[in-house]
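The block underneath contains the structure these notes are about, expressed in structure tokens.
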Amino acid sequence: MPQTIISLPTRGAGLYEFTDEAQAFVRRAGVEEGLLTVFVRHTSCSLLIQENADPDVRRDLDQFFKRLVPPSSDPSMGWVIHAAEGPDDMPAHIKAALTQVSIGIPVGERRLLLGTWQGLYLFEHRDRPHRREVVLHLGG
Amino acid sequence: MPQTIISLPTRGAGLYEFTDEAQAFVRRAGVEEGLLTVFVRHTSCSLLIQENADPDVRRDLDQFFKRLVPPSSDPSMGWVIHAAEGPDDMPAHIKAALTQVSIGIPVGERRLLLGTWQGLYLFEHRDRPHRREVVLHLGG
Amino acid sequence: MPQTIISLPTRGAGLYEFTDEAQAFVRRAGVEEGLLTVFVRHTSCSLLIQENADPDVRRDLDQFFKRLVPPSSDPSMGWVIHAAEGPDDMPAHIKAALTQVSIGIPVGERRLLLGTWQGLYLFEHRDRPHRREVVLHLGG
């Protein structure tokens with residue numbers, strides 16, 4: 001059962017694609033069929049499978065989540081208590097709760113069985129640069 | 001490791017149950033214990049496990065998501081850029097991001113270990129009819 | 001493939017940690033590497049991996065979901081039809097749809113590969129006490 005932890009650098013909030021890294025891991029493993037589990041080891045970023053064609057989709061997704069969960073400095077968020085690390089702290093946890101920390105992707109013919117328009121993204125919710133650890137686990 | 005891709009027809013936005021198709025796949029595989037991964041190969045529909053008893057639950061779920069993410073022709077959605085395929089295009093991506101593309105369901109005694117009131121649904125977010133590909137992967 | 005169903009008591013809406021129960025199950029199984037799937041057999045509670053350090057994070061998360069999806073007795077929720085079991089009934093289904101019923105966590109060196117600040121929680125959305133069944137399945 002191949003397993004690895006990769007480290008993805010982020011430069012502020014937004015979507016960072018790593019479909020190629022995941023495909024390369026599956027190809028190297030040489031497994032014909034199986035299940036790739038992608039797991040992020042943080043609570044202020046998350047995972048998303050989304051359209052890889054028009055970049056406006058990522059821009060609009062990011063906008064939606066920013067409008068649904070504004071910074072805790074926004075008057076509408078006056079009820080937030082946890083702001084130890086700044087106004088992007090608690091909204092990051094909420095956005096992570098609304099998306100995924102773990103995604104299972106079936107593998108067939110040594111490839112991720114993603115649809116034509118599906119890309120795999122790390123969704124960073126913090127404003128400052130981070131290094132994010134993602135576990136790739138290829139099982140049966 | 002049995003694996004298949006099924007095609008589900010949809011007739012506009014809403015929830016389409018396919019618990020029986022998934023159970024039948026598991027039964028045919030003859031696997032005593034394992035994990036069924038259900039994966040949808042699209043970015044404008046998604047998966048949901050929800051109550052299978054009162055149809056009003058599905059109606060209300062659909063309503064909630066339509067109110068949280070109205071068509072991009074709605075004045076409150078004026079910030080949306082990606083509307084190439086119509087006012088239901090970007091909201092579909094957002095609703096997919098808020099729900100799941102992949103769900104793992106444990107199998108025991110050759111059956112999905114769903115609770116009594118749990119049904120497995122394809123959640124269509126587009127207005128027009130579509131055919132949706134769903135991967136069923138039964139692993140260890 | 002070790003598999004078990006545990007029963008978690010809840011005392012009203014909120015987050016209930018059970019990381020230790022899941023870790024203990026993995027340790028007893030004696031499996032070096034694998035994938036733990038956690039699956040909740042209900043449609044009015046859900047699962048969440050979130051920060052285990054500051055309890056204010058859980059309090060704020062709970063607040064966010066209560067504000068996004070108020071009880072159906074709230075004027076803003078007048079469109080809700082399904083209220084058979086009270087004003088916390090339909091909101092519970094919606095909050096479950098917005099979070100997860102199933103989470104896959106990779107296992108390495110006989111331990112869940114959670115990040116330092118990640119805890120595993122049952123997210124109860126109903127007001128009254130319940131017993132909640134959670135399947136733990138450890139596969140390859």
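The values are calculated or read from the model by the stated rules, or taken from the named source; none is laboratory data. Computed from a predicted model, the values in this text were never measured in an experiment. Every residue, glycine among them, receives a Cβ derived from its backbone with ideal geometry; neighbour counts consider all protein chains shown. Only protein heavy atoms, including side chains, enter the accessible area calculation; ligands, DNA and RNA are left aside. Shrake-Rupley method; radii C 1.70, N 1.55, O 1.52, S 1.80 Å.
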Of the residues A:7, A:76, A:44, which is facing chain C (nearest Cβ under 10 Å) and open to solvent by 50 Å² or more (accessible area, probe 1.4 Å)?
A:76
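Within segment B:115-127, track down each residue that is within 9 Å of chain C (Cβ to nearest Cβ) and open to solvent by less than 20 Å² (accessible area, probe 1.4 Å).
Let us first name the residues in segment B:115-127 that are within 9 Å of chain C (Cβ to nearest Cβ), namely B:115-119, B:123.
Result: B:115, B:118, B:119, B:123.
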Out of A:25, A:65, A:18, I need the residue that is among the aromatic types (Phe, Trp, Tyr) and facing another protein chain (nearest Cβ under 10 Å). Which one?
A:65
Name the residues in segment C:128-140 that are within 14 Å of chain A (Cβ to nearest Cβ) and assigned to a loop (DSSP other than H, G, I, E, B), would you?
C:140
Could you list, in sequence order, the residues of segment B:79-97 that are surrounded by 19 or more Cβ atoms within 10 Å (Cβ to Cβ) and closer than 17 Å to residue B:124 by Cβ?
B:88, B:89, B:90, B:91, B:92, B:93, B:94, B:95, B:96, B:97
Is segment C:91-100 home to any residue that is touching a Phe, Trp or Tyr at 6+ places or on another chain (Cβ under 9 Å) and either over 25 Å from residue B:104 (Cα atoms) or β-branched (Val, Ile, Thr) (or both)?
yes
Return yes when residue B:69 is in contact with a strand residue (DSSP E or B) (Cβ under 9 Å, 6 or more places away or on another chain), open to solvent by less than 10 Å² (accessible area, probe 1.4 Å) and within 29 Å of residue A:60 (Cα to Cα) and no when it is not.
no
